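The values are calculated or read from the model by the stated rules, or taken from the named source; none is laboratory data. Owing to the predicted nature of the structure, the values given are computational and were not obtained by experimental measurement. With ideal geometry, Cβ positions are generated from the backbone for all residues, glycine too; neighbour counts draw on all protein chains shown.
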Amino acid sequence: MSSQLKRKELVVSEEEACRCIEDGMTISIGGFITSSHPMALVRQLIRMGRKNLTVIGAASAGLEVDLLIGAGCVKKVIAPYVGAEFLAPVGPFFRQYAEQGKIKVWECDEGQYYAGLRAAAQNLPYMPTKAGVGTSFPEINPDLKIYQDPVQGETLLAVPAIKPDVALIFAAFGDHFGNVQFVGAGFGDRAHHRAADKTIVQVEKIIPNEEIRKHPYQTAFQGAAAVVRAPFGSHPFASPGFYLEDIPHIQEYVQAATALTKENNPKLFDRYLEKYVFGPATHLDYLDVIGAKRLFSLFEY
Amino acid sequence: MPSDPAKDFSRNELSAVFMSRLIQDGENLTVGAAMAVPRAAVLLAHLHHGPNMSVQYARTRTNLFDVPVLEPFQFLTDWRGSKWAESYYIHEEAYDAITKVTDCFFVGGLQIDQYGNSNLIGIGRDYDRLKFRGPGAVGTCTLSTMVKRYYIYLNHHNRRTLVEKCDFISAYGWGRGGPDARTKWGLKGGGPELCLTPLGVFDFEPETKKMRLKYLHPGVTVEEIIENTGFELIIPPEIPLTPPPTENELTILRQRVDPLGHLR
């Protein structure tokens, strides 16, 4: 019995976790609209100056994708929705960059999106859906192909595999070995993990492996390649079981983005980026900027 | 008397009650994004006549029939609503069997055309240079293709929204019309049955599948509807008023579903 072999511990800093992400890669970002986005990782990508990314937003995505677009990191977006419900029905940078042709949008709805992720997970070229037949989707997204199925001759839509090089996922708990637990359903994040080559998870809290073994049913998936501890790491978005959306902060972002996209005034957004993204060197520095009073005011109860 | 027609209600309350009557006990429903009035309708149906319904609530599935007062929420993801959960709603699994989780739903749009097609993609001739980029279809393409029946709900009734032909179709209603509009593509679901706006209720003529006025909301004239619709509506010779809520429905709506009065 060798005493040299040891199970590898995977907890790393956000900086080390993101080193594997290169310009031009395809990344997925988990969560759902105003909840559960790995913001420490998102801000780290912007700090690193990543460019030309294909971003697979969640079904459906929020302003975390919008921020990456506004920061100049994105070439293509694959997401059935990018917005923040009543705070911003459509992401401001998503809207402007799409209208001006500065990003490509790979148009799809949620059902087609999951079909594409499933194809990637099963190493198939495509998965068929009925959804999209008769609509504008195959016309505006030429990757979606209408065809007659070989078994029953039905008209179907082939959705090609949607494959992340790296999946970035936010979760409540992770242990040192890459076991991941959500509070709640975890939205569509498992589908991201299954489709991706590699998964990085950012968690509120690291828990010991013994806790995982007590309730293995709660383990949503194992096999994260890196685990990053980032308390309040979904801020300004919500974290189920921990805190709610920071509405004033999101409004501050929307105001800054709108000033740039609607009035061509970059001051507010430059200030936002300096204060919240480039100024703080790490996630904990970011939390210092937000401040304890604001953070604790966001608790659910 | 609980089943007396109510006398004092807002247009949003009228719409919510009307929509709640479209939903039957035992059905499974979803409460959607940015749709306060349909949300109220689903929850009212559940509390008024749907003890066997299940609803998707805070990304969980649950039955709320015995809950005295539903707390208002601003975001679909408000986890405080999960305290009633009977099960969790894993998103990609829902799409593995969408008709098992959704019997009917409500869809909006940047544009709705005379055949009930919906556009959430954007406005403009050229997709690569849209005049107005929309939010995206969310799940409406799959739902409108597969689900038993659905309803169109609009927050605004104007010529910009109700158009002759959508610039892009993200949810297929009745296509370019005709009795085989959906069957010719082999679409699985039943299609849109009604369109509801702040001015009235509309259905689709069975042969042509063109939108037709069915009910006028109180205080609205046919002229007002024609003036604000960007295509030629079928107008029947006699148009009844939208049936009003009963006192009982309004009581449940105001006391248990919408205690803060957002619909008033």
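Of all residues in the stretch A:75-87, which are in contact with a strand residue (DSSP E or B) (Cβ under 9 Å, 6 or more places away or on another chain) and crowded, with 24+ Cβ neighbours inside 10 Å? First the steps, then the outcome.
Taking the stretch A:75-87 first, the residues in contact with a strand residue (DSSP E or B) (Cβ under 9 Å, 6 or more places away or on another chain) are A:75-83.
Within the stretch A:75-87, A:Val77, A:Ile78, A:Ala79, A:Pro80, A:Tyr81, A:Val82, A:Gly83 meet the criteria.
Look through A:Gly57, A:Gly91, A:Gly72 and report the one residue that is of a type outside the set (A, V, I, L, M) and surrounded by fewer than 24 Cβ atoms within 10 Å (Cβ to Cβ).
On the way: A:Gly57 fails: surrounded by fewer than 24 Cβ atoms within 10 Å (Cβ to Cβ); A:Gly91 fails: surrounded by fewer than 24 Cβ atoms within 10 Å (Cβ to Cβ).
None of the other options fit; the residue is A:Gly72.
Filter the stretch B:64-77 down to residues that are more than 21 Å from the chain's Cα centre (by Cα) and modelled with pLDDT under 90 and give me whichever is farthest from the other protein chains (Cβ to nearest Cβ).
B:Val69
Just give me the residues in the stretch B:189-230 being more than 18 Å from the chain's Cα centre (by Cα), exposed (fewer than 15 other Cβ atoms within 10 Å of the Cβ) and assigned to a loop (DSSP other than H, G, I, E, B), in sequence order.
Within the stretch B:189-230, B:Glu205, B:Pro206, B:Glu207, B:Pro218, B:Gly219, B:Thr221 qualify.
Test each condition in (1) facing another protein chain (nearest Cβ under 7 Å); (2) touching a residue at least 40 places away in the same chain (Cβ under 8 Å); (3) surrounded by fewer than 24 Cβ atoms within 10 Å (Cβ to Cβ) for A:Phe187 and report the one that comes out false.
That leaves (3) as the condition not met.
Can you run down the residue pairs with Cβ atoms below 6 Å, 6 or more apart or on separate chains, where the first is in the stretch B:111-128 and hydroxyl-bearing (Ser, Thr, Tyr) and the partner is not in a loop (DSSP other than H, G, I, E, B)?
What qualifies is B:Ser118/B:Val107; B:Ser118/B:Ile112; B:Ser118/B:Ala171; B:Tyr127/A:Ile140.
Of all residues in the stretch A:282-293, count the ones that are touching a residue at least 40 places away in the same chain (Cβ under 8 Å) and within 15 Å of A:Glu14 (Cβ to Cβ).
Taking the stretch A:282-293 as the starting set, the residues that turn out to be touching a residue at least 40 places away in the same chain (Cβ under 8 Å) are A:282-283, A:286-287, A:290.
Those still in the list that are within 15 Å of A:Glu14 (Cβ to Cβ) too: A:282-283, A:286-287.
The qualifying residues number 4.
Which of the residues that make up the stretch B:156-177 are within 11 Å of chain A (Cβ to nearest Cβ) and either surrounded by fewer than 15 Cβ atoms within 10 Å (Cβ to Cβ) or in contact with a Ser or Thr (Cβ under 8 Å, 6 or more places away or on another chain) (or both)? Walk me through how you get there before you give the answer.
Kept after step one, since they are within 11 Å of chain A (Cβ to nearest Cβ), are these residues of the stretch B:156-177: B:166-176.
Result: B:Cys166, B:Phe168, B:Ile169, B:Ser170, B:Ala171, B:Tyr172, B:Gly173, B:Arg176.
Assess whether A:Ile207 counts as being more than 17 Å from A:Glu64 (Cβ to Cβ), in the same structural domain as A:His37 (by TED's automatic domain parsing) and of a type in the set (Val, Ile, Thr).
Taking the combined requirement at face value, the residue satisfies it.
Being under 18 Å from A:Thr34 (Cα atoms) and part of a loop (DSSP other than H, G, I, E, B) is the filter here, so list the residues in the stretch A:163-214 that pass it.
Within the stretch A:163-214, A:Phe182, A:Val183, A:Gly184, A:Ala185, A:Gly186, A:Phe187, A:Gly188 qualify.
Just give me the residues in the stretch B:106-120 being in contact with a Pro (Cβ under 6 Å, 6 or more places away or on another chain) and either assigned to a strand (DSSP E or B) or hydroxyl-bearing (Ser, Thr, Tyr) (or both), in sequence order.
B:Phe106 - this is the single residue of the stretch B:106-120 that is in contact with a Pro (Cβ under 6 Å, 6 or more places away or on another chain) and either assigned to a strand (DSSP E or B) or hydroxyl-bearing (Ser, Thr, Tyr) (or both).
Each row is one residue, and each column tells you yes or no for (1) more than 9 Å from chain B (Cβ to nearest Cβ); (2) more than 13 Å from B:Gly136 (Cβ to Cβ).
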{"site": "A:Ala59", "(1), (2)": "no, no"}
{"site": "A:Gly62", "(1), (2)": "yes, no"}
{"site": "A:Leu67", "(1), (2)": "yes, yes"}
{"site": "A:Ile78", "(1), (2)": "yes, no"}
{"site": "A:Gly83", "(1), (2)": "no, no"}
{"site": "A:Phe86", "(1), (2)": "no, yes"}
{"site": "A:Lys102", "(1), (2)": "yes, yes"}
{"site": "A:Val105", "(1), (2)": "no, no"}
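Check A:Met48, A:Met39 and return the single one that is surrounded by fewer than 20 Cβ atoms within 10 Å (Cβ to Cβ) and in the same structural domain as A:His235 (by TED's automatic domain parsing).
Checking each option against the conditions leaves just A:Met48.
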